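The values are calculated or read from the model by the stated rules, or taken from the named source; none is laboratory data. The model shown is predicted, which means the values in this text are computed figures rather than measured ones. Cβ atoms come from the backbone with ideal geometry, glycine included; neighbour counts cover every protein chain shown.
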Amino acid sequence: APEYIRAIQPYQPGKPISELVRELGLDEHNVIKLASNENPLGTSPLAREAMINALNQISLYPDGSGFELKAAISQRYSVNTDQIILGNGSNDILDLAARVFLKPGAAAVYSQHAFAVYPLVVQTIGANGISVPARDYGHDLAAMLDAVTPETRIVFIASPNNPTGTLSEVDDLLRFLERVSRDVLVVLDEAYNEYLPEANKRNSISWLKRFPNLIITRTFSKAYGLAGVRVGFGLAHTDVADLMNRVRQPFNVNSIGLAGALAALQDTEFVERSYALNRTGMLHLTDGLRQLGIEYIPSFGNFLSFRVEGDVANTKKVYQSLLQQGVIVRPLGIYEMPQHLRVTIGLESENQKFLKSLERAIGELA
Ligand code: PMP
């Protein structure tokens, strides 16, 4: 394998509950996983039913064109079906963007503390990932624009970003899009879009008309509660979508996922409930952290990253103590935030348990 493949650090997903339970000898019923930004409400009941029905057809190949799901997305977001790329999760769309627009020696720009899959898909191509220092944990779009060189073919922008939860301002995004070369594909990753409060919602999809080099990525993994069946999509100019659709695997989205996503898209009530629960939970957690005197990064996602006082050893102790108490969160060493931990907003009882366990973990440090 080429050197650039050997140099790749594997993505480390959160450990499954079953494994931790075994490792730590915990009681399975007392363990909560708040480590992967999953939907604490589970899955839309309509989507669940649609997926169960789809089981009757799993001896058949899925619809490789995703006809019905694309039609529904096209209607919902007022785009043409030929502007849509369906993916095996939105990670697949990020990977496709890299495979279509990068080559060895090309460059891609992203922010420090940005989603870990960007460097991964860039390195897979043998292209150079340029990490631009963050500003207050968020993307410094002006510095990212300055980092663009003639070799740059992609800029990744996550808004809200994971794991920082930071949101780029509309004015800053538009200024960036207006100034960056049209030869550069701008990937605007909106995996957490559904969690934005009304006041922060932006009509980014309407920007596609002005910027043929823009692709917006969305996912069914978060507010739609379908992380396990892997469905995401990209919206872009027809020419961009066409290239990406040529390169994708013919059946990259499976039939269960297609059925689930189609039904989930119609279940607006479930998405609203997920949003509302997240808002309440976010307030609960930020209040609780404040009371414990713990510094956190204000978040627009369904998660919150907080900083443990002292040194990295303290963060590790708190992480371990939380684990021992049956609360799984995400350490952020790979994000160059070794003193932070990220917690997903859960059900009220889970948030409560997290705060109580955190209080105890912090107490143990003294
Ligand atoms: N973008 C961001 C910013 C994310 O946090 C995630 C999920 N961790 C994804 C994309 C990918 O999610 P999926 O592949 O499940 O759609």
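Rundown of residues vs (1) in a helix (DSSP H, G or I); (2) under 16 Å from His340 (Cβ atoms), yes/no style:
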site	(1), (2)
Phe270	yes, no
Tyr275	yes, no
Arg279	yes, no
Met282	yes, no
Leu285	yes, yes
Leu289	yes, yes
Gly293	no, yes
Gly301	no, yes
Phe306	no, yes
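Scanning segment 216-247 for residues that are away from the ligand (no atom under 13 Å from the Cβ) and either of a type outside the set (Lys, Arg) or modelled with pLDDT under 95 (or both) returns Leu235, Ala236, His237, Thr238, Asp239, Val240, Ala241, Asp242, Leu243, Met244, Asn245, Val247. Look at segment 294-316: where a residue is more than 22 Å from His284 (Cβ to Cβ) and not assigned by TED's automatic domain parsing to the domain that holds Glu194 and a partner is within 14 Å of the ligand (Cβ to nearest atom) and not polar (S, T, N, Q), sitting 6+ places away or on another chain with Cβ atoms under 9 Å, you get Thr315/Leu332. The condition of being within 16 Å of the ligand (Cβ to nearest atom) and in contact (Cβ under 8 Å) with a residue 24 or more places away in the chain holds for only one of Asn161, Asn213, that being Asn161.
Give the residue, chosen from Leu120, Leu55, Leu34, that is within 16 Å of the ligand (Cβ to nearest atom), among the aliphatic types (A, V, I, L, M) and either over 28 Å from Glu169 (Cα atoms) or assigned by TED's automatic domain parsing to the domain that holds Pro331 (or both). It is Leu34. Among the criteria (1) under 29 Å from Leu55 (Cα atoms); (2) within 16 Å of the ligand (Cβ to nearest atom), the one Leu196 does not fulfil is (1). Please verify whether Gly126 is more than 16 Å from the chain's Cα centre (by Cα), at pLDDT 95 or above and in a loop (DSSP other than H, G, I, E, B), treating the condition exactly as stated. Here the answer is yes, as Gly126 does meet what is asked.
Considering only segment 1-108, give the helices (runs of 4 or more DSSP H) lying wholly within it that have at least 1 residues that are closer than 30 Å to Ser206 by Cβ. Because the criterion is at least 1 residues that are closer than 30 Å to Ser206 by Cβ, the helices (runs of 4 or more DSSP H) in segment 1-108 that meet it are 45-54, 67-77, 90-101. Against the list (1) under 28 Å from Leu304 (Cβ atoms); (2) within 16 Å of the ligand (Cβ to nearest atom); (3) of a type in the set (D, E, K, R), the condition Glu19 fails is (2). The residues in segment 47-84 that are among the β-branched types (Val, Ile, Thr) and in contact with a Ser or Thr (Cβ under 9 Å, 6 or more places away or on another chain) can be counted, and the count is 4. Taking segment 151-208 as the range and being crowded, with 20+ Cβ neighbours inside 10 Å and basic (Lys, Arg) as the test, only Arg153 passes.
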